[in-house]
Amino acid sequence: MDTTDGAALDFAGVRAEFDLPTQFPPAALAEAELAVTDRDRLVGARVDATDLPLVTIDPPGSKDLDQALYVEQRPDGFRLHYAIADLGTFVRPGGALDIEVRRRGQTIYLPDGNVPLHPPILSEGAASLLPGQVRPSALWTIDLDEYGEPTNIRVCRALVRSIAQFDYDGVQATIDAGNPHPSVAALPALGRLRREHAVRRGAVELQLPEQEVATDGNGSWTLTLRPRNDVDAWNAEMSLLTGMSAASLMVQGGIGVLRTLPEPDDGAVEWLRRSARSLGIEWARTDSVSVMLAGLDPRSPESLALYMDATRLLRGAGYTAFDGSLPELTTHAGLGAAYAHVTAPLRRLVDRFGAEICLAVSADQPVPDWVRASLPELPKLMGGSDSMAAKVDRACLDQAEAWVLAGRIGQEFDAVVLRAESSSAEVFLTDPPVIAKCAGEGLSEGGRIRVRLLDADTVRRKVSFEKVEMQ
């Protein structure tokens, strides 16, 4: 890719368009710095769990490490130790830092750097579960039977020390070679069981291509597809298990904030069945959406098209806060269970409050008043920040697509039709990995076509294609 003036490309335009903050207010920074030096925060009613051989699994180079885990295989099943960064130790309710993180809602990730929820002195330092460092945590201990069903759930404040920082590919390589680290040796067995549970529960997993923007090291950017290996999926199941355990404690205690999604109506499922028929995908009437999707080959064009159509089933997710009587909706249809966000407090506001609720319920103690007072505003704060994060992510992808294609107008590419309309469609190019609009008549979902690049506007962040008519 070239720029007209030879300058390096960055995402300053996206940051400016969405008015993303560039720094923390001085008072918020001062509070964060004071919290780091206040060692008294680390003593008191905390369990010393520094002997647990916890490890982290994150993308390479990550510094904001929210979770560390250790999976034990036991004679009667499994035990998951899951430590989560304890932000309640560092953020003073009602203080300047608390006000600022409520305003931000979550960490916003851009290819050229993130806009953190908390000052890096916390999120990449004193609160992060970095290897070899004693850190405060909310430590979950979840016992499961031989079938992977939870039998006992506990969470308490603890001091922990991660013994190693791993990434997904590295852990996968050791498992494939038959010499996994002892702390994750039981992860495949439990992960597979939890994946089976997910399908039986009716969880909807869409294996759509995940685009990533990466630097080429020379001031420009490339588009890649992020592969998802087994360890990625199994690790995600441990996080989901903890979130579902958190939801069960909240329901038990009659107070919490759940991530909810209504069940799709019969019309939406029937519409998806018609789409599957038109794509030539067999779907037994007795099989659920989850079972059908789990049986698809994610490399197939027809599967990609049906995954895209199935995104309609996942619209309408939100946050439901309650204190006292349970809300009418307590479950997330995409997961097939009640679920709460508690596993990423460094990066997401609501998790700090969820942790405090679960710690109180597990200890049979009252939920702090400051948490109760905040519950009504959390759904709106999180909804707003989710929307902002999605818009920024889309803008960055659009910008990168325009940069990558800017010098290739008129060229032809192979594409798969993901979602078709009367005179246009959303298409997926595999090389470079781009999802964009394409003009043309008679486009059928799941079809393989040739497309021609009509425009790549790097200012408006728009690319457009047309179908190439075969002679």
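The values are calculated or read from the model by the stated rules, or taken from the named source; none is laboratory data. Computed from a predicted structure; not experimentally measured. Note that each Cβ is placed from the backbone with ideal geometry, even for glycine, and that neighbours are counted across all protein chains shown. Just the protein is used for accessible areas: all its heavy atoms, side chains included, with ligands, DNA and RNA removed. Shrake-Rupley method; radii C 1.70, N 1.55, O 1.52, S 1.80 Å.
Odds and ends about this structure:
- For the stretch 327-342, the set of residues classified as open to solvent by less than 10 Å² (accessible area, probe 1.4 Å) and closer than 18 Å to Val155 by Cβ consists of Ala340, Val342, listed by residue number.
- Residues located in the stretch 292-314, provided they are at pLDDT 90 or above and surrounded by fewer than 14 Cβ atoms within 10 Å (Cβ to Cβ): Asp297, Thr311
- Unmet requirement for Asp297, which otherwise passes all of (1) within 30 Å of Ala138 (Cα to Cα); (2) touching a helix residue (DSSP H, G or I) at 6+ places or on another chain (Cβ under 6 Å): (1)
- Pairs where the first residue, in the stretch 197-209, is under 10 Å from Pro298 (Cβ atoms) and open to solvent by less than 50 Å² (accessible area, probe 1.4 Å) and the second is basic (Lys, Arg) and part of a loop (DSSP other than H, G, I, E, B), C-beta under 9 Å, 6+ apart: Pro209/Arg226
- Residue match in the stretch 162-179 (condition: of a type in the set (S, T, N, Q), open to solvent by less than 40 Å² (accessible area, probe 1.4 Å) and in a helix (DSSP H, G or I)): yes
- Within the stretch 127-140, being over 22 Å from the mean Cα position of the chain (by Cα), buried (at least 20 other Cβ atoms within 10 Å of the Cβ) and of a type outside the set (D, E, K, R) holds for one residue alone: Pro136.
- Among the residues listed as Ile57, Ile84, Ile99, Ile108, the single one being open to solvent by less than 40 Å² (accessible area, probe 1.4 Å), closer than 19 Å to Glu356 by Cα and modelled with pLDDT of 95 or more: Ile84
- So Tyr70, is it open to solvent by 30 Å² or more (accessible area, probe 1.4 Å), among the aromatic types (Phe, Trp, Tyr) and either in a strand (DSSP E or B) or within 30 Å of Thr151 (Cβ to Cβ) (or both): yes
- Across the stretch 272-291, the number of residues qualifying as touching a residue at least 60 places away in the same chain (Cβ under 8 Å), of a type in the set (Val, Ile, Thr) and buried (at least 18 other Cβ atoms within 10 Å of the Cβ) comes to 1.
- Residue list for the stretch 47-59, filter: assigned to a loop (DSSP other than H, G, I, E, B), touching a residue at least 12 places away in the same chain (Cβ under 8 Å) and over 16 Å from the mean Cα position of the chain (by Cα): Ala49, Thr50, Leu52, Pro53, Leu54
- Beta carbons closer than 8 Å, at least 6 apart along the sequence or on distinct chains, pair a first residue in the stretch 316-341 that is free of Cβ contacts under 8 Å to residues at least 60 places away in the same chain with a second that is of a type outside the set (Val, Ile, Thr) and assigned to a loop (DSSP other than H, G, I, E, B) for Gly316/Pro262; Ala317/Gly334.
- Some residue of the stretch 97-117 being aliphatic (A, V, I, L, M) and in contact with an Asp or Glu (Cβ under 7 Å, 6 or more places away or on another chain): yes
- Of all residue pairs spaced 6 or more apart or on separate chains, those with beta-carbon atoms under 7 Å, a first member in the stretch 294-314 that is farther than 26 Å from Pro262 by Cα and a second member that is β-branched (Val, Ile, Thr) are Pro301/Val416; Glu302/Ile281.
- Flag if Thr260 is in a strand (DSSP E or B), touching a residue at least 24 places away in the same chain (Cβ under 8 Å) and open to solvent by 30 Å² or more (accessible area, probe 1.4 Å): no
- Consider the stretch 315-331 and keep the residues that are of a type in the set (Gly, Ala, Ser) and closer than 25 Å to Asp386 by Cα. The one that is modelled with the lowest pLDDT is Gly316.
- Enumeration of residues in the stretch 301-340 that are under 30 Å from Gly88 (Cβ atoms), in contact with a Leu (Cβ under 9 Å, 6 or more places away or on another chain) and outside any strand (DSSP E or B): Ala317, Pro327, Leu329, Thr330, Thr331, Gly334, Leu335, Ala338, Tyr339, Ala340
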